[in-house]
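Input: a single structure, listed below in structure tokens.
Coordinate-derived values only; no laboratory data. As the structure is a prediction and not an experimental result, all values here were calculated from the model. Reconstructed Cβ throughout: ideal geometry from the backbone, glycine too, with neighbour counts over all protein chains shown.
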Amino acid sequence: MFHFRLHSLSRLVISLTLAAGLISLAGGAKAQDKRQNAPGEFDFYVLSLSWSPSFCEEAAERSRDGGRPNIQCEGRPYSFVVHGLWPQYENGFPEYCQRPSPRLNRNIVSSMLDLMPAPGLIFNEWDKHGTCTGLTDRNYFETIRKARAAIKIPAEYLDLSQAKTVAPGEVEEAFIKANPGLSNAAVSVTCNRTRLSEVRFCLSKDLQFRACEEMERRACRRDQVTMPPIRGG
């Protein structure tokens with residue numbers, strides 16, 4: 001009788017475990033957009049501008065720990081550079097929508113170095129994000145250029161010669177003031193432990209500012225962060 005009950009109990013535990021697994025899988029599937037990773041099927045873009053001096057200070061720290069130096073930090077000094085233009089769903093985002101990704105024309109890479117000053121970055125953005133837009137490589141990078149041209153950098157960040165301590169909200173407000181039509185709901189700042197990392201903008205498919213709640217959930221929560229100076233400043 002004891003063995004019978006033990007066997008029945010074991011079967012019950014296994015059944016409950018399988019049921020829990022199925023519920024978990026169902027929940028995970030529900031969290032994904034039904035269009036997941038279908039090229040051209042997305043709701044809006046996020047344009048991410050990286051504060052290059054922060055990136056280069058972090059790259060220097062990694063290099064001291066045995067990492068490789070980054071080409072972005074070896075040439076002329078940069079302020080804000082394009083990290084990427086990312087297709088987004090209202091909840092979540094697609095990535096690597098074509099494997100292998102279509103080969104990226106090296107002439108396009110060369111033409112983008114003024115905005116994205118590292119070939120590795122350009123290749124990665126095409127593979128991970130560009131393939132999800134449904135655009136050709138040329139049209140994708142032309143769209144990046146148009147999106148970047150739509151953003152005016154506040155004057156105080158164009159030639160920062162000394163380290164500046166800022167509140168994330170202060171940076172957002174500076175961009176809002178410089179860009180008519182931009183609102184708090186369409187821009188956010190990201191950071192690491194001490195430095196400002198990026199300023200991100202939500203844009204419609206025709207590159208107009210638009211609100212997006214999900215980006216705000218990833219925003220910097222620190223009261224203040226540092227903007228390292230532009231190299232050579």
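I need the shape label for the range 73-132. Rule: rounded when a/c is under 1.5, else prolate if a/b > b/c, else oblate, with a, b, c from the alpha carbon gyration tensor.
Judged from the Cα gyration tensor, the range 73-132 comes out oblate (a/c at least 1.5, b/c at or above a/b).
Among V189, S204, I176, whose Cα lies farthest out toward the positive end of the dipole of the range 167-217, if unit charges sit on the beta carbon of Lys, Arg (+1) and Asp, Glu (-1)?
V189
Mind jotting down the distance between the C-alpha centroids of the range 159-175 and the range 94-128, whole Å?
Here the answer is 30 Å between Cα centres.
Extension gain S204-I71, at 0.36 nm per residue separation less the Cα-Cα distance, in nm?
Answer, rounded to one decimal: 44.7 nm.
Which of the residue pairs K177/K205; K34/K205; K34/K146; K34/K128; K34/K177 have a Cα-Cα distance greater than 26 Å in the structure shown?
K34/K146; K34/K177
What is the range 147-206's relative contact order, in percent, from Cα pairs under 8 angstrom and six or more apart in sequence?
Computed value for the range 147-206: 25 percent relative contact order.
Suppose the chain between S111 and A60 were pulled fully straight at 0.36 nm per residue; how much longer would it get relative to their current alpha carbon spacing?
Result: 15.7 nm gained on full extension.
Answer rounded, prolate or oblate for the range 44-181, using the Cα gyration tensor with square roots of eigenvalues a ≥ b ≥ c: rounded when a/c is under 1.5, else prolate when a/b is larger than b/c, else oblate.
It comes out oblate by the Cα gyration axes.
Tell me, what is the FRET efficiency for R217 and R103 to the nearest 0.05, using R0 = 45 angstrom and their Cβ-Cβ distance as r?
0.80
Work through the residues other than E95 whose Cβ is under 14 Å from its Cβ and net out their charges, Lys, Arg +1 and Asp, Glu -1.
-1
With Cβ to Cβ distances under 13 Å as the rule, what net charge do the other residues near A174 carry (K, R +1; D, E -1)?
Residues close to A174 contribute a combined charge of -1.
Would you work out the charge dipole size for the range 74-228 about its Cα centre, treating the Cβ of every Lys and Arg as +1 and the Cβ of every Asp and Glu as -1, and quote it to the nearest 20 debye?
My answer is approximately 260 debye.
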